[in-house]
Amino acid sequence: MSLDLSQLSVLHVEDDYWICQTVREFLPAFGVVDIGAVRDGYAGYDALRDFSADIVITDWVMAPMDGYEFTQMVRCAPDSPNPFVPIIMMTSRNLRDEVERARDIGVTEYLVKPITAEGLRSKIVSVIENPREFIRGPHYFGPDRRRTHGLYGGADRRKVA
């Protein structure tokens, strides 16, 4: 059975016209009708004050505020309108250290360009069907970065066999 996305509100933060157009075609095809779109991180942060987004899709490379800075503000600014919103980073950056850097600032999912409809839909479905708890540490606030508990679950998960 297909997931009904018709009640979902998505904010898209992207400066590339063609990517904006592509996403604006994909989202309605998935059933999403409540779509906000802005061109940079500052505008995205302001938009979150008035647009109640269930999910944010952001590019990494934008000016004057990029998606990295935008994510940091959403997660950690004292006046953040929604620090818990799932954030999908959509970028052409595909090196391991870049993916880890995005994860370490609180990105929920990471999607490498060029995007496909199925790739975007799978990330949206993932944040809905597999929500992660948020954790706060001395240098991090965001979704739990651990995807699995490995071989050992619960209290003994860090013990060596």
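Just so it is clear, none of the values below were taken in a lab; they were calculated from the coordinates. As the structure is a prediction and not an experimental result, all values here were calculated from the model. Ideal geometry is used to build each Cβ from the backbone, glycine not excepted, and the neighbour counts take in all protein chains shown.
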Using 1/(1 + (r/R0)^6) with R0 = 22 angstrom and r between the beta carbons of residue 101 and residue 76, what's the FRET efficiency to the nearest 0.05? 0.90
I'd like the Karplus ³J(HN,Hα) series for the range 17-29: coefficients 6.51, -1.76, 1.60, θ = phi - 60°, whole numbers in Hz, and an x wherever there's a Gly or Pro. 4, 5, 5, 4, 4, 4, 5, 5, 8, 5, 4, x, 5
Choose one answer from 31, 67, 44: the residue with the largest mean-square fluctuation in a GNM of the chain with alpha-carbon springs under 10 Å. 31
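Can you give the calculated 222 nm mean residue ellipticity of the chain, where each DSSP H run of n ≥ 4 adds -39,500 (n - 2.57) and the sum is split over every residue, rounded to the nearest 500 deg cm²/dmol? Kindly include the intermediate steps, with their values, before the conclusion.
Values: 5 runs with 55 residues, N = 161.
Result for the chain, helices only: -10500 deg cm²/dmol.
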Largest first, please: the extent of the C-alpha atoms of the chain along each principal axis, to the nearest Å. 52, 40, 30
Residue by residue through the range 75-83, the couplings from Karplus 6.51 cos²θ - 1.76 cosθ + 1.60 with θ = phi - 60°, in Hz, x for Gly and Pro, are 6, 10, 5, x, 9, 4, x, 7, x
For the range 70-149 and the range 1-25, what is the separation of their Cα centres, given in Å? 16
Based on the Cβ-Cβ distance from residue 132 to residue 94, what FRET efficiency comes out when R0 is 22 Å, to the nearest 0.05? 0.50
